Every structure is written in structure tokens, then in C-alpha cells.
Amino acid sequence: MKWILAVFLLAGVAIAMRKQGVAVKGVLKCGTAFANNTKVRIVDIDTGPDPDDTLDEKRTGEDGAFALTGSTHELTSIDPVLYIWHECRDEQTPCSRKIKFVIPKKYIHGGTPTDEQWVNIGVLNLEGSFDNEGRECIKD
């Protein structure tokens, strides 16, 4: 009997897990030049023992453009963020500058984003400084 109850409990949890994702696009620049080969990643920030989920990760193209989309299965709403690691005006300092942008909850989709569910950050110039900017040594 306990075994049957455990199976039903696990099945209920599996059904309650819902697919959620985000999609982000934009163009990165460093002054007047495109910030090509810049690492960008969207992540679901988790609390507790559950590790953060990387939803998608890429490098910008020669034109500084990127488009990230990814999803995960979670019981509760995801907490998506966009991370950008770059070297704009910082080539001589060890490690990369790291910027974090919180993605608004209204852009969370059910697995396949519609045009309205893409977060378009537009053209972002990385020359300036950003609130809560940090540094991180990253591996490729």
C-alpha cells in the first residue's frame, strides 16, 4: 500500500511540474564597435539545495547580436536572469566584467515563446558601469 501511495505522490509531483522558459535578444556594443564573442547566458535562479538552471548560453556574433531561448520544468514560477560577461574597456584587468539583468515575470512563457514574449534589450553599450556589476573569471 505504501508503495502505491508513493507512486501516486511522485506522479502528482511530475504532473505539477510545469514547463516554463524565457527568450532574450539584443545587440551588444563597446563604444562604436560591436561586442562580438561576448558570453551571454539566461539562468533560472533557484533557492535552497536546488542548483540554478542554465536555460541557454551563447556568444554574440560578429554583429554583437544574440538570441537566447530556453526552458525548464519547475513547481513554482522561475526567476530568470540574463548574465553578460565582457571585456569592454577592461582588457588589462584580470577576469571579466559581469552584469546581471532580472527578466520581468511577464515574459515567462510555457515552452515556446510568441513574438510578444521575447525580451528585446535593444542595443546595449557596455562601456559604462552598471549597478551591482561584478567580476568573474570564466572558462570557455
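The values are calculated or read from the model by the stated rules, or taken from the named source; none is laboratory data. Predicted model, so just to flag it, every value in this text is computed and none were measured. No Cβ is skipped: glycine too gets one built from the backbone with ideal geometry, and neighbour counts run over all protein chains shown. What goes into the accessible areas is simple: the full protein's heavy atoms, side chains included, and nothing from ligands, DNA or RNA. Shrake-Rupley method; radii C 1.70, N 1.55, O 1.52, S 1.80 Å.
Scan the range 41-61 and report the pairs whose first residue is small (Gly, Ala, Ser) and whose second residue is at pLDDT 95 or above, with Cβ atoms within less than 8 Å and a gap of 6+ or a chain change.
What qualifies is GLY61/ASN36.
Of the residues in the range 37-55, how many are in a strand (DSSP E or B) and open to solvent by less than 70 Å² (accessible area, probe 1.4 Å)?
The total comes to 8.
Name every residue in the range 56-89 that is open to solvent by less than 20 Å² (accessible area, probe 1.4 Å) and not hydroxyl-bearing (Ser, Thr, Tyr), in order of residue number.
Of everything in the range 56-89, those that are open to solvent by less than 20 Å² (accessible area, probe 1.4 Å) and not hydroxyl-bearing (Ser, Thr, Tyr) turn out to be GLY64, PHE66, LEU68, GLY70, ILE78, PRO80, VAL81, LEU82, ILE84, TRP85, HIS86, CYS88.
Quick grid of which residues meet (1) open to solvent by less than 60 Å² (accessible area, probe 1.4 Å); (2) within 21 Å of LYS58 (Cβ to Cβ); (3) modelled with pLDDT under 95:
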position	(1), (2), (3)
SER96	yes, yes, yes
TYR107	yes, yes, no
ASP115	no, yes, yes
VAL119	yes, yes, no
GLY122	yes, yes, no
SER129	no, no, yes
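For ASP79, state whether it is of a type in the set (Asp, Glu), more than 21 Å from ASN36 (Cβ to Cβ), free of Cβ contacts under 8 Å to residues at least 40 places away in the same chain and touching a Lys or Arg at 6+ places or on another chain (Cβ under 9 Å).
Answer is yes for this residue.
Looking at the range 1-36, which of the residues that are in a loop (DSSP other than H, G, I, E, B) and at pLDDT 95 or above is surrounded by the fewest Cβ atoms within 10 Å (Cβ to Cβ)?
Step by step, filter the range 1-36, then rank; the result is THR32.
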